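Okay, structure first, notes after.
The values are calculated or read from the model by the stated rules, or taken from the named source; none is laboratory data. Keep in mind it's a predicted model, so treat the numbers as computed, not measured. Cβ coordinates were reconstructed from backbone atoms using ideal geometry, including for glycine residues, and neighbour counts include every protein chain displayed.
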Amino acid sequence: MGTLLLPRAESWPFSGYFYGCRPGLTWAGRIGDGPDVQATWRASQLIRRALQACVFDAEEKKRRLSQLIYAMQEIQSDGAVPLDSLSFLAVATDIDGMAVTGMGLSEVYGCNDPGIVESLVAPPHPLLGPPGLSKESMGVWVVPEGPQWLFGACVGSEERFSGRLSDEMFQICGMPQ
């Protein structure tokens, strides 16, 4: 299982990006508006380190997502990183399937064998919405069996995909194969 975000359509497409994973949990996000590359890099690294340091001890997938969102709310309450420009996609799995949550997403694509990329979550869906960590409950999409890869299109992203998964898609997402 993997989670990636599509890049920005500007000179520094991966400015502010971060990602991580734990057993049964994977996430990808970006912070900042892009022009201040150093500030967005520092913010993304603070978030990355904070999430990597968290203990995700729940066995149930939705509970692990709750622990992840709680960790992000703790980062926001510190005031060190404003999370109003946050786009985020997280996936948790267990023996019953997968649960997906996110913010700042305009669409979610999936890919499984035989490598066909298709839109899985399109507007209007509660999983999709504006950037920023909401104080309200976030949408969670639960499915009994999910794709091997999820790709999130951030609000404002001009990239759209369909067809076969290729090395080009991973390169576009900053993950050369």
*asked:* Contact list please: Cβ distance under 7 Å, first residue in segment 134-145 and closer than 10 Å to residue 69 by Cα, second residue polar (S, T, N, Q) and at pLDDT 75 or above, pairs at least six apart or on different chains.
replied: 138/101
_What's the total number of residues in segment 93-117 that are at pLDDT below 85 and outside any loop (DSSP other than H, G, I, E, B)?_
4
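When you look at residue 108, is it in contact with a Gly (Cβ under 7 Å, 6 or more places away or on another chain) and within 15 Å of residue 87 (Cα to Cα), yes or no?
Details: in contact with a Gly (Cβ under 7 Å, 6 or more places away or on another chain): yes; within 15 Å of residue 87 (Cα to Cα): yes.
The answer is yes for residue 108.
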*Look at segment 59-107 and say how many of its residues are touching a Lys or Arg at 6+ places or on another chain (Cβ under 7 Å) and of a type outside the set (Asp, Glu).*
5
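Could you tell me how many of the residues in segment 64-83 are in a helix (DSSP H, G or I) and modelled with pLDDT of 75 or more?
If we filter segment 64-83 for residues that are in a helix (DSSP H, G or I), which is where we start, we get 64-78.
Still in the list and also modelled with pLDDT of 75 or more: 64-76.
Final tally of qualifying residues: 13.
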_Residue list for segment 138-153, restricted to those being crowded, with 19+ Cβ neighbours inside 10 Å and closer than 21 Å to residue 31 by Cα_ = 150, 151, 152, 153
_Failed item, numbered, when residue 47 is tested on (1) of a type in the set (A, V, I, L, M, F, W, C); (2) under 10 Å from residue 16 (Cβ atoms); (3) out of contact with any strand residue (DSSP E or B) (no Cβ under 9 Å at 6 or more places or on another chain)_ = (3)
